[in-house]
Amino acid sequence: MKAVVLLSGGADSATCLGQAVMACNKENVRALSIYYGQKHKKEIQSAIAVAEHYGVPLYQMDLSEAYKFSDCPLLAGSKQEIEHKSYAEQLHGEEHTVATYVPFRNGLMLSTAAALALSWFPDEEVSLWYGAHADDAAGRAYPDCTIEFAQAMGAALHEGSGNKLTLITPLISLNKAGVVHIGSLIGVPYELTWSCYEGGDVHCGTCGTCIDRKNAFKKAGIPD
């Protein structure tokens, strides 16, 4: 089966790509990296490096126009500052999206990947892979990372493609420590990945995703 993997350049999507290559062989895998208007391109640079590591072609697409009206602080057009707190601190024990939620980003990316997959492989069944995990879904901080979203989106993609597309979410029930543990077993090159919301030379260590990554490697007992 052919496979198309959403590759952001972060640890989770890199793990997902590693799993897809193992399951489908690299000659059957393509990666998709999407620029959605973020303030820096460190993730995209990492996506290029990870794709090269696995020897799979990477297709890049610009979908930033979809977010021209969004004030999400991750986006170049926003004047909001990125919060340097853990997700738990940002949620305050309640269920709601966090400020760094980019409106329906995974839905847009998966729909785009579906259109490309059906164009690339019109006569074949294709699996679409994306690396959502349980920590991102917690408290519905990122509702397009929940199991409910994945099930609904998977059903829509399958039906809307004439039963040609299958959504694969191998990390959806794992916390990030579990993701890192699995990735370490299959040799994912985490040194090539980028998780920070800021675009400095090194990870800032204090934004939500940096804290999440730092805790995950610590819990997994793996140096980052």
Given N residues in region 23-88, what is its alpha carbon radius of gyration divided by 2.2 N^0.38 Å? 1.40
Full-stretch length increase - Glu95, Lys68 - with 0.36 nm per residue and alpha-carbon distance subtracted: 7.1 nm
Between Ala76 and Leu185, how many nm apart are label points set 7 Å from Cα along the C-beta direction? 4.1 nm
Any idea what angle helix 105-120 forms with the longest principal axis of the chain, computed on alpha-carbon atoms, 0 to 90 degrees, nearest 10? 20 degrees
Pulled fully out, how much extra length does the chain show between Tyr59 and Glu159, if you take 0.36 nm times their separation in residues and subtract their Cα-Cα distance? 33.5 nm
For Glu81, net neighbour charge (Lys/Arg +1, Asp/Glu -1) across residues whose Cβ lies under 14 Å away: 0
Which residues in region 79-122 have a backbone N closer than 17 Å to a point placed 7 Å from the Cα of Ala138 along the Cα-to-Cβ line? 84-101
Got the relative contact order for the chain handy, in percent, Cα pairs under 8 Å and 6 or more residues apart? 25 percent
Under a Cβ-Cβ cut-off of 14 Å, what is the net charge of the residues other than Ile172 that fall near it, where Lys and Arg count +1 and Asp and Glu count -1? -4
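Only the coordinates and a few stated rules stand behind these numbers; no lab work does. As the structure is a prediction and not an experimental result, all values here were calculated from the model. No Cβ is skipped: glycine too gets one built from the backbone with ideal geometry, and neighbour counts run over all protein chains shown.
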